[in-house]
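Report on the structure given below.
Rule-based calculations on the coordinates, nothing more; no lab input. This one's a predicted model, so the numbers in the text were calculated from it and none came from an experiment. Please note: Cβ atoms are built from the backbone with ideal geometry, for glycine as well, and neighbour counts cover all protein chains shown.
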Amino acid sequence: MTPNPSPGPSPSPSPGTGTGTGTGTQLTPARSPAPPAPVPPTRRGGRGTAWLLTAAMATALTLLVLASARLGAYPLALGDVLGSIQHRIGLGGAALDRVGESVLWNVRFPRIVLALLVGASLGCAGALMQGVFGNPLAEPGVIGVSSGAAVGAVGCISLGLDFLGNWTIPAAAFVSGLATVLLVYGMSRSGGRSEVVTLILTGIAVNAFTGAAIGLFIFLADTAAINQITFWQLGSLAQATWPKVLAVLPCTLLGLIVAPLYARRLDLLALGERPARHLGVDVERLRIALILVIALLTAAAVAVCGVIGFVGLVVPHLLRMAAGPGHRFLIPGSALGGATVLLAGDLAARTVAAPAELPLGVLTAFLGSPFFFWLLRRTRRRQGGWA
């Protein structure tokens, strides 16, 4: 008989192994409990950045309001401005002289409030446009609302229409801007649905048509009307009055109240149309509602101050770069940022070349177009080309 070998020490399982059952021994890796997933730092950092940006914009806006009230052809001291405000609201203070009170309350404050309303409208509309179209290069003029409003205003000036008195041009611009957006949406809709590419291409075609209509009206206008048309198209807040503020106020408030209600659905839409539908978003209804809100905000702004570009493009994109794409901050932040930028632009327009006044639309275009070129190059470089 062959002697049995002496039993040696059985191999102990190495760390991370286990013993199986059955005829043989199976070594399987042990499963260590997974550590809890940490909270992404970008989320916390993005929220902190959002609060910081909000505080910075609110502070800048407050300082700009005070500076705009003080500076101009009739300068006022800061203490006099604050004293007049306190006197008006019944908290003491003292009224200014007759000329100072008139300049402050009938010229500067209407202009300041109108700049805030128009800037907030354009900034919020730009954020909604970029969310609806899923493109950071989109701005309210893409769907024809600005050029459509310009057709109504230019037509009234050229033909000498005056059926509503001083309200004729703003009312015609507002109605024609809304009508143009509805036309663009109706022409791009097929089979009960609309596509982003079709909306953009239809908007380009309608913009070309409205440009031709504006050119025809200018051809038919006399010299005085041509001067008025040119001044209106350049964009300005020089004709600001309290009635104009009251005219644009309901549209702006309605749009700014409704827009944040769609923030979560816009975040879901950013995942793509198909994932958004699977998550319960009615994409077509969302698009219709937001296009109407965009048209309401933009048409009201263009109707009272003419065409002012690039605010709806620059402000939302800068905030998105700084604080991320979440629309819970982006929509109200763009409204606040738009108000700040437009008030700063208006202050510069009436003080840089004093006593002359630069057209506000020209100034925003001068500052916004280089940013747009930089944005195009940056986007193309990140994507590795357009093809």
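The simple Förster model, with R0 at 45 Å and r as the Cβ-Cβ distance, assigns L82 and M321 a FRET efficiency of 0.80. Other residues whose C-beta falls under 14 angstrom from the C-beta of A289 contribute a net charge of +2, scoring Lys and Arg +1 and Asp and Glu -1. Summarising the label geometry, the points placed 7 Å from Cα in the beta-carbon direction at L367 and I89 lie 2.7 nm from one another.
Of I229, I257, I200, the residue with the greatest mean-square motion in the GNM of the chain, using alpha carbon springs below 10 Å, is I257.
Could you compute the net charge surrounding Q228? Neighbours are other residues with a C-beta less than 14 Å from the C-beta of Q228; K and R count +1, D and E count -1. Value of the local net charge: -2.
Taking other Cβ atoms within 10 Å as a rough exposure proxy, L76, L336 sort from fewest to most as L76, L336. With a Förster radius of 41 Å applied to the beta-carbon distance between R382 and N166, the computed FRET efficiency rounds to 0.25. Only one of [x] 162; [y] 135; [z] 252 was calculated from the structure for volume of the Cα convex hull per residue in Å³, and its label is [z].
Remark: H327, H278 ranked as H278, H327, counting other beta-carbon atoms within 10 Å and listing the fewest first.
How large is the dipole of the chain about the Cα centre if only Lys and Arg carry +1 and Asp and Glu carry -1, each at its Cβ, rounded to the nearest 20 debye?
Its charge dipole is roughly 1200 debye.
For R277 and L182, FRET efficiency with R0 = 30 Å and r from the beta-carbon atoms, rounded to 0.05? Walk me through the intermediate numbers first.
Details: r = 24 Å, r/R0 = 0.81.
Here the calculated transfer efficiency is 0.75.
Straightening the chain between R328 and R70 buys 89.4 nm, computed as 0.36 nm per residue apart minus the Cα-Cα spacing. Modelled this way, with points 7 Å down the Cα-to-C-beta line, the labels at E357 and V107 are 0.9 nm from one another.
Lys and Arg at +1, Asp and Glu at -1: add these up for the other residues within a Cβ distance under 12 Å of I112 and post the number.
Numbers: positive: R70, R108, R111, R350; negative: D346.
Taking every other residue near I112 into account, the sum is +3.
Summed over qualifying helices (DSSP H, 4 residues or more, each -39500 (n - 2.57)) and divided by its residue number, the chain shows a 222 nm mean residue ellipticity of -22500 deg cm²/dmol.
Neighbour counting of Cβ atoms within 10 Å sorts the residues S102, S190, S68, fewest neighbours leading, into S190, S102, S68.
The H on the amide N of V281, modeled in the peptide plane, is under 5 Å from the matching H of no residue at least 5 residues off or on a different chain.
For the stretch 300-376, the square roots a ≥ b ≥ c of the C-alpha gyration tensor eigenvalues yield an a/c of 1.5 or more together with a/b exceeding b/c, which makes the shape prolate.
Stretching N135 away from W242 to a fully extended chain increases their span by 34.9 nm, per 0.36 nm per residue minus the current alpha-carbon distance. For the pair the stretch 319-365 and the stretch 64-127, the centres of their Cα atoms are 18 angstrom apart. What residue among F366, N106, L318 has its Cα farthest toward the positive end of the dipole of the chain, where the charges are +1 on Lys, Arg and -1 on Asp, Glu, each on the Cβ? The Cα lying farthest towards the positive end belongs to L318. Taking amide H as placed 1.01 Å from N in the peptide plane, the amide H of R189 sits under 5 Å from none that are at least 5 places away or on another chain. Springs join every pair of Cα atoms under 10 Å in this Gaussian network model of the chain, and among V113, V184, V81 the largest mean-square fluctuation is at V81.
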